[in-house]
1. Could you list, in sequence order, all residues of the stretch 171-189 that are touching a Pro at 6+ places or on another chain (Cβ under 9 Å) and either over 22 Å from Ser125 (Cα atoms) or among the hydroxyl-bearing types (Ser, Thr, Tyr) (or both)?
2. Taking Asp95 as the residue in question, decide whether it is surrounded by 17 or more Cβ atoms within 10 Å (Cβ to Cβ) and more than 16 Å from the chain's Cα centre (by Cα).
3. Across the stretch 137-157, which residue is nearest to Arg231 (Cα to Cα) among those that are in contact (Cβ under 8 Å) with a residue 12 or more places away in the chain and in a helix (DSSP H, G or I)?
Amino acid sequence: MGDGWVNVNLFGGKPTHLLGQWQHKAPANPWVPYTEELVKTILTSAKIKLERESLARKLDADYVSTLAEMESAVFLEQQGFSVTLEPTTPEKGPDLRADWEDTPYFVEVRALGDSEEAERFNSISGQLFSQLNTVPSSYSVAFTIGDNYFPGASSLKKAIDKVLESLKILKEKKWHSAILYHSPSGTLLNPAGDCAGAHAADQEIVEKADFIARFTNVGEEREKTIASAARPFKRTPQPDQTHERLKRILNKKRTQLPRIREA
């Protein structure tokens, strides 16, 4: 990257690189010297091969994930492997190639994070909270959100619109609490919260509701509407599918492995 890049982006007055921001915030933080040691090992070890320009580009663009790859490379080198970073560059492929006794092993370093279901729920919650943070009210809202709502979908927008309409009704009628039952087949705002003995049509809405908002008056109007969110309770636990996501990622990477030529 060069001394000029390092001086500006890591040690300058307003660093733009994440590593520089860490350094600027806490000069004594361990990440800068730790990264320096990783880079020193990678650049000086006879057992590690790389294209320096490629590593520089990755460090500039995506520091955190590249740091994990560098840590893996140094760890494998310390165990006795011969390591190649980005072995198929400039083509797409695995992050590392580790050779042991003339046998190559291809390594993909992945940060899986949340499952797809968790990402969906967190994105929906974020969209709800962001909108309610702009709405002054004296109510808190507890949401239960079903599986058929997705970030940015029209179904979610309609549900949020119903929540905003309900807040206006609650304020006008000065209800202390209420429950909004909503699904594509209908909507019901019930001030009592208990639908026992309700009309058959209302009872059907309650039973089919997959988006439920429980409103409670908190006593004073605030600059934003307080909100929380949960998923529907499932009596039969569902297995975690994170491993399936990992399998899809690795199967896709298999197509990027270099072909072995037969003698």
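Where a number appears in this text, it was derived from the coordinates with a stated rule and is not lab data. As the structure is a prediction and not an experimental result, all values here were calculated from the model. Counting neighbours? That spans all protein chains shown, and the Cβs are built from the backbone with ideal geometry, glycine included.
1. Result: Lys173, Trp175, His176, Ser177.
2. So Asp95 passes the test.
3. Residue satisfying both the conditions and the ranking: Leu156.
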